[in-house]
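Report on the structure given below.
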Amino acid sequence: MKKLIRFLMGLLLLVLTFGMILAAAAIYDTGNKLTVDTFFFQPANLSERRPGTPQSVADIGDEEIRRMLIDKFIAEYFYVIPNATDLESRMAGKTALVNMVTPNVFEHWQLTEMPKIQDLVANKAMRTAHVINIVPRPGVADYWTIDYELQTWPRPNDFSVAPVVEHGRLYMSLRFENGFRPSIQVGPYLEQGGDPAVLFKFMVTDVQQ
């Protein structure tokens, strides 16, 4: 009698286990129920920060392109990275800056900013620069007022230390026209790793600090 009861209990447990498996399979049928919805977030219109087709020059507009080029100029003018090779390239005029300015502006930069940059590089400091405000032609003929911010990390490889924040103002005379420079072939230039800022008809002709 006990053997029969044990057999029936075992059979009942087997049925219950099988039923639970069927119920779980019905609820968690991953083969038929699982779906993946893909979302793309577009944080900017520039090609390096969006997965889709980048905006054309016409879509961005001349005013925004000019603003971007001024910001690029300020970054090239003041940035510092603790790298001797980069410093040598900048001193030799092998970066975008030399192509964005007239010879007198580049010479002025070599005499005024380059010694400061050399000292910062020697001390392994890092500095970023960006525009915070642009006022076109503030009363002085053809000069723009550029307010910028510098952030300098004086201690190498220690981002726990807050950067030294400085604000400055630069008066800048510039020329800007729609389109690309006809002397540069856009495709081959970009394929060779050229800086896109050099392609535009943008030239800083004078700076006053």
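Here are the numbers for this structure:
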read-out: Subset of region 77-116 [open to solvent by less than 10 Å² (accessible area, probe 1.4 Å) and touching a Phe, Trp or Tyr at 6+ places or on another chain (Cβ under 6 Å)]; value: M100
read-out: Some residue of region 191-209 being β-branched (V, I, T), in contact with a Pro (Cβ under 8 Å, 6 or more places away or on another chain) and closer than 24 Å to G61 by Cα; value: no
read-out: For D142: the one exception among (1) of a type in the set (D, E); (2) open to solvent by 50 Å² or more (accessible area, probe 1.4 Å); (3) in contact with a Phe, Trp or Tyr (Cβ under 9 Å, 6 or more places away or on another chain); value: (3)
read-out: Residue within region 163-184 that is under 16 Å from Y77 (Cβ atoms), assigned to a loop (DSSP other than H, G, I, E, B) and open to solvent by less than 40 Å² (accessible area, probe 1.4 Å) present; value: no
read-out: Output for region 55-100, where each listed residue is closer than 18 Å to V198 by Cβ, assigned to a loop (DSSP other than H, G, I, E, B) and within 18 Å of the chain's Cα centre (by Cα); value: Y79, T95
read-out: Flag if V121 is in contact with a Pro (Cβ under 9 Å, 6 or more places away or on another chain), over 25 Å from M68 (Cβ atoms) and in a loop (DSSP other than H, G, I, E, B); value: no
read-out: Any hit, region 152-159, residues being under 21 Å from I81 (Cβ atoms), of a type outside the set (D, E, K, R), open to solvent by 70 Å² or more (accessible area, probe 1.4 Å) and assigned to a strand (DSSP E or B); value: no
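The values are calculated or read from the model by the stated rules, or taken from the named source; none is laboratory data. Keep in mind that what you see is a predicted model, and the values were worked out from it rather than measured. Here the Cβ is made from the backbone with ideal geometry for all residues, glycine too, and neighbour counts use every protein chain on show. Quick note on the areas: whole protein, heavy atoms, side chains included, nothing else; ligands and nucleic acids left out. Shrake-Rupley method; radii C 1.70, N 1.55, O 1.52, S 1.80 Å.
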